[in-house]
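Working notes, structure below.
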Amino acid sequence: MENIDTDQIIPARFLKATTRDGFGKNLFRDWRYENNDEAKPKADFALNNSIYGGEILVAGKNFGCGSSREHAAWALQDYGFNAVISSFFADIFKNNALNNGVLPVTVSEPFLQKIFEQGNEATLSIDVEKQTITIDATGEQEPFELNPYKKTCLLNGYDDIDFLLSRRAAITTFEKESA
Amino acid sequence: MGKTLFDKIWDKHVVEKIPDGPSVLYIDKHFIHEVTSPQAFKGIEQRGVELFRPKQTVATADHNVPTINQHLPIRDELSRIQVEQLINNCSRHGVELYGLGHPYQGIVHVIGPELGITQPGMTIVCGDSHTSTHGAFGAIAFGIGTSEVEMVFASQCVLQTKPKTMRINIEGALQKGVVSKDIILYIIAKISASGATGFFVEYAGSTIRSLSMEARMTICNMSIEMGARGGMIAPDETTFQYVKGRAFAPKGAAWDKKLAEWQELYSDADAVFDAEINIDAAAIHPMITYGTNPGLGIAVNGHIPVLDDIYDEGEKKNIEKALQYMGLKSGASLIGMPVQHVFIGSCTNSRIEDLREIAELVKGRKKSDTVKVMIVPGSQQVAKQVHAEGLDRIFAEAGFQIRQAGCSACLGMNEDKIPAGEYCISTSNRNFEGRQGAGARTLLASPLTAAAAAITGVVTDIRELI
């Protein structure tokens with residue numbers, strides 16, 4: 001499915017929380033349940049099908065478009081996804097995902113189609129160090145882009161805010177010089 | 001080689017460039033609201049650090065507030081807690097808050113410009129994707145996530161990778177009945193909901209120059225709906241006149257100094273953009289969307305695409321799914337189709353000019369009995385002006401309900417929701433599934449086209465009423 005917007009990932013009515021926790025149960029809420037009723041899961045939705053499982057979400061192009069709500073990344077992470085694969089990500093979502101340790105992996109459209117062709121039980125391996133994604137059954141592999149700075153952060157658990165805090169003196173100098 | 005407007009502002013705000021990484025970009029103004037800030041305040045408190053530059057952040061309550069009885073406690077408990085947290089967080093950290101009851105309260109992207117906080121040449125961020133609105137003043141303005149809100153709290157900077165630049169030139173005179181909302185809906189329909197992803201867009205050309213500031217804001221506002229990180233327009237005399245004299249605009253000698261700086265903010269003649277698109281204004285008709293992303297739009301007198309004529313299988317599937325959700329048919333015309341709701345509001349179209357334009361159309365007319373019409377002014381200031389000009393009487397006589405300022409039915413976070421299965425012509429910016437309420441069906445259009453439907457009860461070509 002293409003153009004999955006953040007209103008689908010986490011509808012606005014669930015944005016009233018003041019913490020980052022617990023969004024997973026409302027991930028794709030209106031695609032998951034009939035009339036918002038947890039007793040009535042929609043059978044045709046992937047998250048309701050026990051064949052599917054794991055930590056990687058595969059989606060059509062332009063994933064995460066729309067609202068800047070970081071709650072979308074929190075919901076994916078809280079549900080248990082550590083990576084999302086698509087041929088194209090919306091910019092703000094991509095940053096939000098990376099800032100929460102959810103890896104957005106951009107693959108070519110043909111590679112994405114190959115993944116979909118693998119069907120229900122396909123498994124995929126993502127090597128962050130080598131920046132490659134592999135379809136386990138066929139061994140087909142594609143490299144993906146990852147900003148070296150972000151890669152270092154992800155692999156070492158570094159934090160942008162710690163980095164920026166360490167730059168406060170330089171920022172103060174900048175302010176004086178540009179005033 | 002010359003510089004683009006974007007480059008001129010960007011380069012002035014880079015504190016440092018991380019090797020093989022993003023830039024540390026200095027932020028002049030930071031707007032916050034109740035929904036995307038609580039976790040950032042919490043984060044900064046857990047780290048035990050103070051806000052670095054609290055005076056450069058301005059807060060308002062808009063997304064989650066009721067649009068009636070704002071003087072009473074908020075009934076919904078979660079909404080009330082969120083708004084109370086904003087009040088507490090702002091007072092604890094020394095952030096100016098224009099909350100409920102304050103004369104400056106309103107939708108964040110309406111109040112920034114109207115108070116003169118938004119100015120040319122600035123970098124502006126907010127935890128809201130429609131921050132692109134402020135780009136209409138020749139600013140770099142874009143939406144950020146909550147982690148980035150925390151970055152601004154911590155350092156008055158965000159880490160950003162420089163986007164590519166795109167220029168969209170629009171030349172010529174607009175047809176009668178065509179307004180800036182139609183221009184942007186036309187552009188998005190042309191290049192798709194992801195057509196500008198990775199880019200920062202500059203809108204240029206004689207058509208843009210002829211528009212008022214509020215009309216320009218509508219265009220920049222929806223830049224994100226084609227995936228662009230932001231949109232901007234070079235400031236000109238129209239911009240300067242709009243900013244001058246506003247509450248937070250520079251005054252006296254400071255004004256003269258700023259004005260001289262602002263007059264240098266344009267893309268040099270030999271500046272090169274990564275992409276360029278040319279549009280003939282005369283080709284634009286009043287627009288309406290039929291699908292579930294803002295790129296699925298047509299001329300109001302046109303037809304929904306015929307599914308069998310679409311070669312791209314992915315696109316065909318998208319449109320098929322959208323039509324199913326919307327209860328619409330391949331190849332159909334929307335003219336004459338009944339709608340049950342008209343929503344006039346949101347950061348896209350809730351400013352005084354929008355409401356004047358509508359008042360002029362509905363004066364002496366009445367809404368159709370089969371339609372509920374809700375007008376939600378963008379801010380307390382807009383509401384005050386509506387009253388001062390007597391527009392409220394025109395709306396009351398027409399049967400339009402006027403509410404209090406907030407985001408309201410644009411995103412269906414408060415109780416202003418559209419019931420499942422019903423159609424709403426909306427002046428807002430998104431027609432995603434369930435955006436205005438679970439199962440709600442949104443048709444995006446200009447304030448004029450929305451008001452026309454309010455009068456007739458059906459989708460109408462505004463050109464038949466003027």
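The values are calculated or read from the model by the stated rules, or taken from the named source; none is laboratory data. Everything numeric in this text was worked out from a predicted model, so none of it was measured. Note: ideal-geometry Cβ built from the backbone for every residue, glycine included; neighbour counts use all protein chains shown. Note: areas computed on protein heavy atoms with side chains; ligands, DNA, RNA excluded. Shrake-Rupley method; radii C 1.70, N 1.55, O 1.52, S 1.80 Å.
Each label point is 7 Å from the Cα along the Cα-to-Cβ direction; what then is the distance between the points at A:E55 and B:K366, in nm? Label-label distance for A:E55 and B:K366, simple model: 6.5 nm. Between B:N278 and B:Q56, the simple label model (points 7 Å from Cα in the Cβ direction) yields a spacing of 4.1 nm. Placing unit charges on the Cβ atoms of the charged side chains and taking the dipole of the range A:5-86 about its Cα centre, the candidate lying farthest along the positive direction among A:A43, A:S67, A:I56 is A:S67.
Taking 0.36 nm per residue of separation and subtracting the Cα-Cα distance, full extension of the segment from B:D270 to B:A420 would add 48.8 nm. Placing +1 on the Cβ of every Lys and Arg and -1 on the Cβ of every Asp and Glu, with no other charges, gives chain B a dipole of roughly 780 debye about its Cα centre.
FRET efficiency for the pair A:D159 and B:D11, taken as 1/(1 + (r/R0)^6) with r the Cβ-Cβ distance and R0 = 30 Å, rounds to 0.65.
With all projection directions averaged, the alpha carbon convex hull of the range B:246-302 covers 8.2 nm².
The slack between A:Q118 and A:E177, meaning 0.36 nm per residue of separation minus the straight C-alpha distance, is 15.5 nm. Sorted on the mean count of surrounding Cβ atoms within 10 Å across their residues, most packed first, peptides B:401-410, B:383-392 read B:401-410, B:383-392.
Total lysine pairs in the range A:35-155 at Cα distances under 22 Å, for residues eight or more apart or on different chains: 8.
Summing both sides, how much accessible area is buried between A and B? Use a 1.4 Å probe and give Å² to the nearest 100. If you can, show how the numbers build up before the last one.
Values: alone 10570 and 18170 Å², together 24010 Å².
That pair of chains buries around 4700 Å² in total.
Using the 1.4 Å probe convention, the accessible area of the protein assembly as shown works out to 37 Å² per residue with neighbouring protein chains retained.
Write down the Kirkwood hydrodynamic radius of the range B:299-382, to one decimal in angstroms, obtained as one divided by the mean of 1/r over all alpha carbon pairs. List each step's numbers first, then the result.
Numbers: mean 1/r = 0.0634 Å⁻¹.
15.8 Å is the Kirkwood radius here.
The accessible-area ordering, largest first, of the residues A:Y158, B:Y104, B:Y203 stands as A:Y158, B:Y104, B:Y203, per a 1.4 angstrom probe.
Quantify, in whole percent, the carbon and sulfur part of the accessible surface of the range B:83-169 (1.4 Å probe; protein heavy atoms only).
The computed percentage sits at 48.
Loop-located GluC sites (Glu not before Pro) in the range A:1-44 (DSSP state other than H, G, I, E, B) with a sparse environment of at most 11 neighbouring Cβ atoms within 10 Å: A:E38. Of interest is the spacing of the C-alpha centroids, which for the range A:124-179 and the range B:190-229 amounts to 30 Å.
The overall shape of the range B:226-381 is oblate: from the C-alpha gyration tensor, with semi-axes ordered a ≥ b ≥ c, the ratio a/c is 1.5 or greater and a/b is no larger than b/c.
Just subtract the alpha-carbon distance of B:L259 and B:N301 from 0.36 nm times their residue separation and send over the number in nm, one decimal. Spell out each step's value before the answer.
Values: separation 42, 0.36 × 42 = 15.12 nm, distance 4.39 nm.
So the extension gain works out to 10.7 nm.
Please state the shape class of the protein assembly as shown: rounded when a/c is under 1.5, otherwise prolate if a/b exceeds b/c and oblate if not, all from the C-alpha gyration tensor.
On the way: a/c = 1.36, a/b = 1.08, b/c = 1.26.
Because its axes are fairly even, with a/c under 1.5, the protein assembly as shown counts as rounded.
Report the charge-dipole magnitude of the protein assembly as shown in Debye, nearest 20, computed about the Cα centre from +1 at each Lys and Arg Cβ and -1 at each Asp and Glu Cβ. Each step should come with its number before you reach the end.
Details: 63 positive and 79 negative charges, 345 e Å.
Dipole magnitude for the protein assembly as shown comes out near 1660 debye.
Report the paramagnetic label zone for B:H102: residues of the range B:248-270 whose backbone N is under 15 Å from a point 7 Å from Cα along the Cα-to-Cβ axis. It comes to B:248, nothing else. Which of rounded, prolate or oblate describes chain A when judged by the alpha-carbon gyration tensor and an a/c cut-off of 1.5? Oblate shape, in that a/c is at least 1.5 and b/c is the bigger or equal ratio. Across A:W31, B:W262, the residue with the most accessible area heads the list, and the full order at a 1.4 Å probe is A:W31, B:W262.
Taking the chain by itself as reference, the range A:13-38 contains these residues with an accessible-area loss of 10 Å² or more in the full protein complex (1.4 Å probe, heavy atoms): A:R13, A:L15, A:K16, A:A17, A:T18, A:T19, A:R20, A:D30, A:W31. Projected label points at A:Q131 and B:K317, each 7 Å from Cα along the beta carbon direction, are separated by 2.9 nanometres.
Here chain B is treated as an ellipsoid with the same Cα gyration tensor; its semi-axes, largest first and in whole Å, are 33, 27, 22. Calculated FRET efficiency, A:L47 to B:S212, Cβ-Cβ distance, R0 = 45 Å: about 0.45 to the nearest 0.05.
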